[in-house]
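Reviewing the structure listed below.
The values are calculated or read from the model by the stated rules, or taken from the named source; none is laboratory data. Predicted, not measured: the structure shown is a model, and the values here were computed from it. Cβ coordinates were reconstructed from backbone atoms using ideal geometry, including for glycine residues, and neighbour counts include every protein chain displayed.
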Amino acid sequence: MNKIILISFIIILLFFILFTCDNAYTKYSMEKRRNIPAKKRKKILTEILDIIYTASARSNTSPFLLYGTLLGQVRNNDLICYDFDIDVGIMDNEYETIKYYIQQILKNNCKFYLRIDEYFNYKKFVIVHKETGLNGDIFNFIMKNNRIYREFNSLYITKVLKQCMAEYPVDWIFPLQSTNFKGHRVFIPNKSDKLLTCIYGEKYISPDYICDINCEKCEKVE
């Protein structure tokens, strides 16, 4: 019993260290990526979206927009001026398939590379722009007991990320809805309003910054 407790403690400690380091790097990386001129940033992020949905069409998979990317689509059908990555989800049964097709697209690509972040039960892969570090995250989701979730620490999701819950009802995600976004037919969750309210709060539709039409000047909303 003592051995099991010790192993469990070590796993929890490693998990904490891993995410503490990752959090520090993410904050630094966010600032660095946000300092890239908006026009260049949106162009690169659109290229990442092109890669994902080209792979989706070839592989007959259904990656769905998430987080800031979904937020931009719902607000004004565009990328948010001050965003710095693309976020999509993919169900576990399609995860390896779309990863393979994206690997094939990027095989001889001089601008982007694929980073695979898989440890414990956590699964995600990332399309990274070599010059700027701008990226697209493709998160693995699981469906079980009429809930959909990421294999991720639930306390971290609810207490640190401040989401209302770590597992979503299936009907929040499925059936996926299709819509036009940045030149592609993309998928979005069935109940985007409920999902975005859970992630960002009831005032999610109001932006944190007001930007000009070219995204060159943004002022924080007080």
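Summary table
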| item | result |
| --- | --- |
| Checklist (1) touching a residue at least 24 places away in the same chain (Cβ under 8 Å); (2) surrounded by fewer than 15 Cβ atoms within 10 Å (Cβ to Cβ); (3) farther than 29 Å from E47 by Cα; (4) in contact with a Lys or Arg (Cβ under 9 Å, 6 or more places away or on another chain) applied to Y209, failing item | (3) |
| Selection within the stretch 126-160 - of a type in the set (A, V, I, L, M) and either in a strand (DSSP E or B) or over 13 Å from the mean Cα position of the chain (by Cα) (or both) | V126, I127, V128, I138, I142, M143, I148, L155, I157, V160 |
| Count of the stretch 100-124 residues which are surrounded by 16 or more Cβ atoms within 10 Å (Cβ to Cβ) and closer than 12 Å to I51 by Cβ | 6 |
| Answer residue from the stretch 178-189, given it is of a type outside the set (D, E, K, R), surrounded by fewer than 17 Cβ atoms within 10 Å (Cβ to Cβ) and touching a strand residue (DSSP E or B) at 6+ places or on another chain (Cβ under 9 Å) and is nearest to Y168 (Cα to Cα) among those | S178 |
| Residue that is nearest to K32 (Cα to Cα), among those in the stretch 86-117 that are at pLDDT 95 or above and of a type in the set (D, E) | D87 |
| Residues being within 15 Å of the chain's Cα centre (by Cα), under 21 Å from F141 (Cα atoms) and in a helix (DSSP H, G or I) - total across the stretch 39-91 | 11 |
| Filtered residue count, the stretch 32-67, keeping only those that are in contact with an Asp or Glu (Cβ under 9 Å, 6 or more places away or on another chain) and either within 19 Å of E216 (Cα to Cα) or not assigned by TED's automatic domain parsing to the domain that holds E131 (or both) | 9 |
| Neighbours by Cβ (under 9 Å, 6+ apart or cross-chain): first from the stretch 138-149, without any contact (Cβ under 8 Å) to a residue 12 or more places away in the chain; second part of a loop (DSSP other than H, G, I, E, B) | none |
| Residues located in the stretch 181-198, provided they are in contact (Cβ under 8 Å) with a residue 24 or more places away in the chain and closer than 25 Å to D50 by Cβ | F181, K182, G183, H184, R185, V186, F187, I188, P189, S192, L195, L196 |
| Among residues of the stretch 161-199, those that are among the hydrophobic types (A, V, I, L, M, F, W, C) and assigned to a loop (DSSP other than H, G, I, E, B), counted | 6 |
| Extreme residue, farthest from the chain's Cα centre (by Cα), among residues of the stretch 185-222 that are polar (S, T, N, Q) and more than 19 Å from T158 (Cα to Cα) | N214 |
| The stretch 98-115, residues that are free of Cβ contacts under 8 Å to residues at least 12 places away in the same chain and touching a strand residue (DSSP E or B) at 6+ places or on another chain (Cβ under 8 Å) | Q103 |
